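Asks: Structure below; questions to follow.
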Amino acid sequence: MLRSFSALSAVAAFALLVGAATPAAMAKTPVHVMKCDPIAPRTTVNYAGFTPAFYPPGPYYWNDPYGYRYRQYPLSAMTSTTGAQLAIHYVNVTPAPIKQIDFGLVAKGILVAEVRDVGTFSHGAEIKHTFGLNPNVFPISTGLPECVPLRVTYANGTVWHNPRLPHANPGLYT
């Protein structure tokens, strides 16, 4: 009896150590990011199959998951060859269709930029989109940037919020 208790205790301790015991940690990310590539200004990179993300006319602002008003930089013909860009290749891994995803570009654990993708993203569909970035994001100063979903809105109106938001850089909102 003591032996099985200690084995159970070891498993529970390991789960707590890795954070798997909390409901927030058990929440799965609704999208799987396969490529996250920030492209510095004046760098010409052309990825096969990547298309520009949706942009409404005029400046594109929204309230982000941190409660701030965020502006997404446009991706235009001029930007695609001379401006800062972010290429993201991802898949919806949930059975429900997604209509909107807010991604954060994270470098060294700090949020350095945000982008929003809008459309109908069905389960298993591979999405390859490019977004405009503020050129002040660069230099990123790390070789391992990552794109993290911050908030996902499903077609039925339900919203998933990332339980582990990265630290926001206050300079993003000035």
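Asks: If you count, for each residue, the other Cβ atoms within 10 Å and average over each peptide, how do 59-66, 107-114 line up from highest to lowest?
Replies: Peptide ranking by packing, descending: 107-114, 59-66.
Asks: Enumerate the calculated ³J(HN,Hα) couplings along the stretch 28-37 in order (Karplus 6.51 cos²θ - 1.76 cosθ + 1.60, θ = phi - 60°), each rounded to whole Hz, writing x wherever the residue is Gly or Pro.
Replies: 8, 6, x, 10, 10, 8, 9, 8, 9, 10
Asks: Still on this model: Any chance you could run the full-extension gain for THR158 through SER141? It's 0.36 nm times the residue separation minus the Cα-Cα distance, nm to one decimal. Display every interim value, and only then the final one.
Replies: Details: separation 17, 0.36 × 17 = 6.12 nm, distance 3.62 nm.
Extra length available between THR158 and SER141 comes to 2.5 nm.
Asks: Given 10 °C and 1.306 mPa s, how large is the Stokes-Einstein diffusion coefficient of the stretch 27-173 in µm²/s, with Rh as the Kirkwood radius over Cα pairs?
Replies: 103 µm²/s
Asks: Give the long-range amide H neighbours of ALA155: residues separated by 5 or more places, or on another chain, with amide H under 5 Å away, using H modelled in the peptide plane at 1.01 Å from N.
Replies: ILE98, LYS99
Asks: Along the Cα-to-Cβ line of THR29, 7 Å from the Cα, sits a label point; which residues in the stretch 157-174 have backbone N less than 13 Å from it?
Replies: 162-166
Asks: Please report the relative contact order for the stretch 27-173, taking Cα pairs under 8 Å with a sequence separation of at least 6, and give it as a percent rounded to a whole number.
Replies: Answer for the stretch 27-173 is 30 percent.
Asks: From zero outward in steps of 5 Å, how is the percent of C-alpha pairs of the stretch 106-174 spread across the bins?
Replies: Percent of Cα pairs in each bin: 3, 13, 21, 25, 19, 12, 6, 1.
Rule-based calculations on the coordinates, nothing more; no lab input. Source: prediction; values computed, not measured. Glycine also receives a Cβ, built like all others from the backbone with ideal geometry; neighbour counts cover every protein chain displayed.
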